[in-house]
């Protein structure tokens, strides 16, 4: 019944009612209304296009303040308006404002998310290291299906890499249904910047096998991985591909190529590439200057820096950071001060890289007060800033100040890392501050940094220098299972050598090849010192010769010092003197002092006189040299010569510095100098000493009477 009625209803509804004149007149106003609405809609659409275009232009030139004012005053905002404004904040690295605006948009009715907007929000999360917000956006992307977009996938990957969640980033990449050159370059960049250079090159090789067309950035980041690994062969292969693809003339790739060759020890190749560049920009100049510093050619680096400015290329913060660091290595504080003044004038002092380099320069040059001033004036401080100032005080032996900065760092952000703890543990070892070192050891265990190679090495060094060899050996037994850590082995070898365990030091050195490790220059200092103290001359020369012949390590003045000490202890003074005169490194007063001390021990007047003359050429007012030479003369009954040396001391006004000693009481170090009564508790101390002295006298009398 229902089916039979429906055609009739349809006919009634579609009958020619519209043909009736009165009905047609009723519809005329409605038609005009529709036209008016369409015209208004078109007008509004044109207005929105114009407004969004103006907003985009303000964002493009970086004028975010005016852009936000315009955005707030807009009568209506669509998805394009919000996207423009959020991308503007991301463009000026204001991630907080970008995410706040994105959150506001999220709750606005009638607005739709799209892959491009989500990728911008994820970029803001990566920029601000905001992992929790990024994971929320990730969850929404999965729920909405936008995660399959190559834009969102690449942005997610980039976000996880920037916040240090490398494994999550790799999982995102592996799950991506579509990947483009941006996706591949993002994962390679994230891995390389996190130090996973081998893995980065594996992904680059996979990218190549997938026939994805590499761009300049993919080639450049892969060359950086080769540079960091010292993988010259791989770098050359990539160089060949850049030439085939025509990217070798791209400034970005050319600079990476030059850096790769420089870091792989082929500085002449790097210089040639730099010379052949069509445009030598600030990056090129900075790379070549840095390479000169890396290879110890500081003079060439300074000259290149001067040529750079003469060519009209202005140094940036990275150039200044490299050159200031070079001044620190040269110990040319006057140059460093001039460069510091220059960066202040140019407004580059607020750069973290520059500020950290200035702190390091002053600290290495012994100007710790200046380093502290620069540190306190820094508007921003990162982990490097804190670690540099702590290391500066630690290496100079100012344990109390180093502890203060470490405590301050623990209260602030960022939290201390392995470098900061290792520096303070080292100063504890140098100053025999065992109790403070134990407290720091406990804290390191609490924060979970006890497994770091640098911390373990510092702990071995701490306990061995404080005489707790058994404790040092316990820590070493835990670390030696790590076959890639030569640092702890070196610390233990040096610890054994310093405390008379010579055979243990040599046995440990001999075990290095069995665990796949190669000794470095510091390791050789330890084993040579052990040979010296044990009187093993032939074995010492065997190790010394193996440095250059087998391990390709050029002996430094420290190694020559160990060999000279070895010969002196064995009484072979003429050979020691010959080695001093023939060694390729610059002679200093330390090696001559070693020989002079041996001459006093063995009674060699002529050799002692010559050694003293060489020391006084370098340091005319050395009191110890005068006294030692006078002692050599006196031991041989040469009283006139001894008196002449002492007369010379008086005429020069040379006075022997008084000896001092220190003792740790209740977490404080008390220093005592011979003849000095300036200690705050001096009166009480001397009262007790007098009491002890009187008791000693009474005891002596009683012994005599009995």
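The values are calculated or read from the model by the stated rules, or taken from the named source; none is laboratory data. Because the structure is predicted, anything quoted here is derived from the model rather than measured. Quick reminder, even Gly has a Cβ in these numbers, built from the backbone with ideal geometry, and neighbours come from all protein chains shown.
With respect to residue 137, determine if the residue is over 27 Å from residue 61 (Cα atoms), without any contact (Cβ under 8 Å) to a residue 24 or more places away in the chain and surrounded by 19 or more Cβ atoms within 10 Å (Cβ to Cβ). The answer is yes for residue 137. Do we find that residue 268 is over 25 Å from residue 194 (Cβ atoms), free of Cβ contacts under 8 Å to residues at least 24 places away in the same chain and in a loop (DSSP other than H, G, I, E, B) in this structure? Against the criterion (over 25 Å from residue 194 (Cβ atoms), free of Cβ contacts under 8 Å to residues at least 24 places away in the same chain and in a loop (DSSP other than H, G, I, E, B)), residue 268 does not qualify.
Residues that are in contact with a helix residue (DSSP H, G or I) (Cβ under 9 Å, 6 or more places away or on another chain) and under 18 Å from residue 276 (Cα atoms) occur at least once in segment 221-241.
Conditions (1) at pLDDT 90 or above; (2) assigned to a helix (DSSP H, G or I); (3) surrounded by fewer than 18 Cβ atoms within 10 Å (Cβ to Cβ), marked per residue:
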site: 482; (1), (2), (3): no, no, yes
site: 489; (1), (2), (3): no, yes, no
site: 496; (1), (2), (3): yes, yes, no
site: 523; (1), (2), (3): yes, yes, no
site: 539; (1), (2), (3): yes, yes, yes
site: 542; (1), (2), (3): yes, yes, yes
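Among the residues of segment 366-383, those identified as farther than 22 Å from residue 428 by Cβ and assigned to a helix (DSSP H, G or I) are 369, 370, 373, 374, 376, 377. Considering 685, 627, which residue is at pLDDT below 85, surrounded by 13 or more Cβ atoms within 10 Å (Cβ to Cβ) and part of a helix (DSSP H, G or I)? So the residue among 685, 627 that is at pLDDT below 85, surrounded by 13 or more Cβ atoms within 10 Å (Cβ to Cβ) and part of a helix (DSSP H, G or I) is 685. Scanning segment 614-622 for any residue that is touching a residue at least 12 places away in the same chain (Cβ under 8 Å) and closer than 18 Å to residue 576 by Cα turns up at least one such residue. If you check 121, 97 for being farther than 21 Å from residue 153 by Cα, out of contact with any strand residue (DSSP E or B) (no Cβ under 6 Å at 6 or more places or on another chain) and part of a helix (DSSP H, G or I), only one passes: 97. The single residue among 164, 200, 235, 195 that is more than 30 Å from residue 114 (Cβ to Cβ) and not in a helix (DSSP H, G or I) turns out to be 195.
A single member of 572, 600 is modelled with pLDDT of 90 or more, more than 19 Å from residue 622 (Cα to Cα) and more than 42 Å from the chain's Cα centre (by Cα), and it is 572. Checking the structure you have, find out if any residue of segment 549-569 is crowded, with 18+ Cβ neighbours inside 10 Å and more than 30 Å from residue 488 (Cβ to Cβ). The answer is yes, given that some residue of segment 549-569 is crowded, with 18+ Cβ neighbours inside 10 Å and more than 30 Å from residue 488 (Cβ to Cβ).
This table checks each residue for (1) without any contact (Cβ under 8 Å) to a residue 24 or more places away in the chain; (2) in contact with a strand residue (DSSP E or B) (Cβ under 8 Å, 6 or more places away or on another chain); (3) exposed (fewer than 14 other Cβ atoms within 10 Å of the Cβ).
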{"residue": "280", "(1), (2), (3)": "no, no, no"}
{"residue": "299", "(1), (2), (3)": "yes, no, yes"}
{"residue": "311", "(1), (2), (3)": "no, no, yes"}
{"residue": "314", "(1), (2), (3)": "no, no, yes"}
{"residue": "319", "(1), (2), (3)": "no, no, no"}
{"residue": "327", "(1), (2), (3)": "no, no, no"}
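Would a scan of segment 64-72 turn up a residue that is touching a helix residue (DSSP H, G or I) at 6+ places or on another chain (Cβ under 9 Å) and either within 20 Å of residue 159 (Cα to Cα) or in a loop (DSSP other than H, G, I, E, B) (or both)? Checked segment 64-72: no residue is touching a helix residue (DSSP H, G or I) at 6+ places or on another chain (Cβ under 9 Å) and either within 20 Å of residue 159 (Cα to Cα) or in a loop (DSSP other than H, G, I, E, B) (or both).
Going by the structure shown, is residue 292 more than 19 Å from residue 320 (Cα to Cα), within 24 Å of the chain's Cα centre (by Cα) and buried (at least 19 other Cβ atoms within 10 Å of the Cβ)? Taking the combined requirement at face value, the residue does not satisfy it.
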